[in-house]
Amino acid sequence: MEEKVTKIIPVGADGTETVRSYTRDDIRYMREAIRQARLAYRKGEVPIGCVIVYEDRIIGRGYNRRNTDKCTLAHAEITAIKRASKVIGDWRLEETRMYVTLEPCQMCAGAIVQARIPTVFSGASSPKAGCAGSILDILTNNEFNHQVEYDQGLLEKECADLLKKFFVELRIRNKEEKRARQELTDQMTAQGDGL
C-alpha cells in the first residue's frame, strides 16, 4: 500500500479542521500539472496546467493556449482530455484521474462530466469562475448522469502563487504598454500641432 501524505487544513471561521491525505503519486502528478502551467506562463498565457492519469501513467497533458491558438476552447483540461481520449481510443475516460492547477470553469467542468472522468484534483480555487464549487458545482450535481469525486487544495499554494505572479506581471506590463501608447499619442499630437 502506498504511503499517504497527510495535510491538516483549517476550514471556516469556527476553526474546524479537515484532514486530507494525498499519495506521493498524487503530489507527483500535480507537480507535472504545474510544469504544464509553467509552459503556459512562458508563452504569456494564464498559467494553468493539467494531466490525466490512467493505470499510473500520464496519458494526457495540456496547458492553457487560448491566446496562442486564438481559440476559446484551448483550455488545459480540454487539451488533456483530447489527448487522453486519443490514447485510450474512446471518449469515455473512466478509471482515470485528472490533476489540474486551477478549479475548472463551466466549459471544462462540463467536459469532465461528459468524459466520465471519475476523480479530479485541483490546486487553487477560482472564486470568480470556478464551477467545481466556487460559483457553481457542475462536477457533483446529482441531476447529471455522472458525478465526479472532487478534491481542491493539492499543492494549492504553489498553484496559486504561480497565478498571482502572472497577474502581477500582467498588470505591470499592461500599465507600461498603456503609458507607451499615451506617449506615442502625445508625440503625434505635438507633431500635428507644429504643422
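The values are calculated or read from the model by the stated rules, or taken from the named source; none is laboratory data. Since the structure is predicted, the reported quantities are computational estimates derived from the model, not experimental observations. Note: ideal-geometry Cβ built from the backbone for every residue, glycine included; neighbour counts use all protein chains shown. Side chains are part of the model used for accessible areas, which takes the heavy atoms of the whole protein and leaves out ligands, DNA and RNA. Shrake-Rupley method; radii C 1.70, N 1.55, O 1.52, S 1.80 Å.
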Self-check item: Residues K70 and L170, FRET efficiency given R0 of 25 Å [Cβ-Cβ distance, rounded to 0.05]
Solution: 0.85
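Which peptide among 77-85, 99-107, 22-30 comes first, and what is the full order, when sorted by highest mean count of other Cβ atoms within 10 Å?
Going by the mean number of other Cβ atoms within 10 Å, highest first, we get 99-107, 77-85, 22-30.
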Quiz item: For the Cα atoms of the chain, what angle does the longest principal axis make with the long axis of helix 156-193, in degrees from 0 to 90, nearest 10?
Solution: 20
Quiz item: Rounded, prolate or oblate: which one fits region 25-142, using the alpha carbon gyration tensor with axes a ≥ b ≥ c (rounded when a/c is under 1.5, else prolate when a/b beats b/c, else oblate)?
Solution: rounded
Quiz item: Expressed as a rounded percentage, what relative contact order does the chain have, with Cα pairs under 8 Å and six or more residues apart?
Solution: 14
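Rank by packing, highest mean first: peptides 135-148, 44-57, with packing defined as the count of other Cβ atoms within 10 Å averaged across residues.
44-57, 135-148
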Self-check item: Extreme residue, positive dipole direction of region 50-195, given options Q106, M188, A160 (C-beta unit charges)
Solution: M188
Quiz prompt | Built amide H within the under 5 Å cut-off of L139, gap 5+ | solution = none
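Once the other residues with Cβ under 11 Å from the Cβ of E176 are scored (Lys, Arg +1; Asp, Glu -1), what is the net sum?
Here the count lands on +3.
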Quiz item: In degrees between 0 and 90, to the nearest 10, how far off the longest principal axis of the chain does helix 76-88 point, with axes built from Cα atoms?
Solution: 50
Self-check item: Heavy-atom surface of the chain, accessible at 1.4 Å and reported per residue (Å²)
Solution: 60
Quiz item: What 222 nm value per residue comes from the helices of the chain, counting each DSSP H run with n ≥ 4 as -39,500 (n - 2.57) and dividing by all residues, nearest 500 deg cm²/dmol?
Solution: -14000 deg cm²/dmol
Quiz item: In terms of modelled amide H atoms, which long-range or inter-chain residues lie less than 5 Å from the amide H of I59?
Solution: I52, V53, Y54
